[in-house]
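Peer 1: Sending over a structure as structure tokens; questions will come in a sec.
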Amino acid sequence: MINGKQRRHLKKLVHTMNPTVYIGKGGLTDNTIKEMDNYLNAHELVKVKVQDGCDDNPKLLGNKAAEILDAEFVQAIGRKFSIYRQSPEKIIELPR
């Protein structure tokens, strides 16, 4: 579980990122989950864009994806959300 200071740090990092995973009209599929999992393993932080064809709420999708991936939901802004999961290599150094 991340605290407020750590969440704020992650929000600052994700602000400059471009979305790396896109969710289309099919919603949260096995392939999008697999794609997010691979990206989290490599980078610890993923930014996801929900396309206009998808009617699902981005915040709800983000929380559901975080639960499935055993990760932490960071934030949702507009049609984008971000998720964090620490890897054994600890790529991102979080404040205490």
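Peer 1: If we keep just the residues of the stretch 17-36 that are within 14 Å of the chain's Cα centre (by Cα) and hydroxyl-bearing (Ser, Thr, Tyr), which is farthest from residue 49 (Cα to Cα)? Before you say what the answer is, go through the steps one by one.
Peer 2: Just the residues of the stretch 17-36 that are within 14 Å of the chain's Cα centre (by Cα), to begin with: 17-23, 28, 32-36.
With hydroxyl-bearing (Ser, Thr, Tyr) added as a condition, the list becomes 20, 22, 32.
Numbers: 20: 8, 22: 5, 32: 11 Å.
Per the stated criteria, the residue is 32.
Peer 1: Hey, can you tell me all the residues within the stretch 35-60 that are exposed (fewer than 11 other Cβ atoms within 10 Å of the Cβ) and at pLDDT 95 or above?
Peer 2: none
Peer 1: What do you reckon, is residue 91 under 19 Å from residue 14 (Cα atoms), open to solvent by 20 Å² or more (accessible area, probe 1.4 Å), of a type in the set (A, V, I, L, M) and in contact with an Asp or Glu (Cβ under 8 Å, 6 or more places away or on another chain)?
Peer 2: Numbers: under 19 Å from residue 14 (Cα atoms): yes; open to solvent by 20 Å² or more (accessible area, probe 1.4 Å): yes; of a type in the set (A, V, I, L, M): yes; in contact with an Asp or Glu (Cβ under 8 Å, 6 or more places away or on another chain): yes.
Criteria met by residue 91.
Peer 1: A follow-up question, please. Out of the strands (runs of 3 or more DSSP E) lying entirely within the stretch 1-93, which hold 2 or more residues that are among the charged types (D, E, K, R)? Working first, answer last.
Peer 2: Numbers: elements: 21-23, 45-50, 72-77, 80-84.
The qualifying strands (runs of 3 or more DSSP E) are 45-50.
The values are calculated or read from the model by the stated rules, or taken from the named source; none is laboratory data. This is a predicted model, so every value here is computed, not measured. Please note: Cβ atoms are built from the backbone with ideal geometry, for glycine as well, and neighbour counts cover all protein chains shown. The area values use the complete protein model at the heavy-atom level, side chains included, leaving out ligands, DNA and RNA. Shrake-Rupley method; radii C 1.70, N 1.55, O 1.52, S 1.80 Å.
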